[in-house]
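J.: Dropping a structure here in structure tokens format, bear with me for questions.
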Amino acid sequence: MAALGPLVSLGLYAIDLETRLARYDAALSRLDRLAARSPRKESYLVRRGDILEAAARPEDARRAYAQALAAIQILPPERRSARAVLDLEIRARSGLAHGAPSTGTTGREPQGGRR
């Protein structure tokens, strides 16, 4: 795998798995390693907020969502108006307003709902 370099999609899958298993520190550590290799951080910051919400760390989550919004605001207008960026902005604003993300994997509920 080292010869292939960082595989972002595999890393994101591992982060989702760690989150579903309530291994939040491991998920955050993986996320930090991926984010360090990326010039744009907004999607990683929103995901960080989602994980921190799942870990019952609402203040840290709000900080991550606020950082995501700040990263979005410095993007050029043509990038800020892209559908994916608008969706990230909605998730970050929702996390700030309600203390929880509006979409995305959080690991708070098992698949199939509550039992």
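What follows is calculated from the coordinates using simple rules that are stated; it is not laboratory data. These numbers were taken from a predicted model, which means no experiment stands behind them. Here Cβ is always computed from backbone atoms with ideal geometry, including for glycine, and neighbour counts include all displayed protein chains.
J.: For an R0 of 30 angstrom, estimate the FRET efficiency from the Cβ-Cβ distance between A36 and R83 and round to the nearest 0.05. It would help to have the intermediate numbers written out before the result.
T.: Details: r = 26 Å, r/R0 = 0.87.
About 0.70, to the nearest 0.05.
J.: Cα gyration tensor of segment 8-98, axes a ≥ b ≥ c as square roots of the eigenvalues: rounded (a/c below 1.5), prolate (a/b > b/c) or oblate? Let's see the in-between values first.
T.: Details: a/c = 2.10, a/b = 1.36, b/c = 1.54.
Oblate shape, in that a/c is at least 1.5 and b/c is the bigger or equal ratio.
J.: Let me ask you something else. Go through 57-64, 19-26 and give me the packing order, highest mean Cβ count within 10 Å leading.
T.: Numbers: 57-64: 17.2, 19-26: 15.5.
Output ranking for 57-64, 19-26: 57-64, 19-26.
J.: Here's another thing I want to ask about it. Would you work out which of Y24, L86, P58 lies farthest towards the positive end of the dipole of segment 8-98, given +1 charges on the beta-carbon of Lys and Arg and -1 on that of Asp and Glu, about the Cα centre?
T.: The listed residue farthest towards the positive side: L86.
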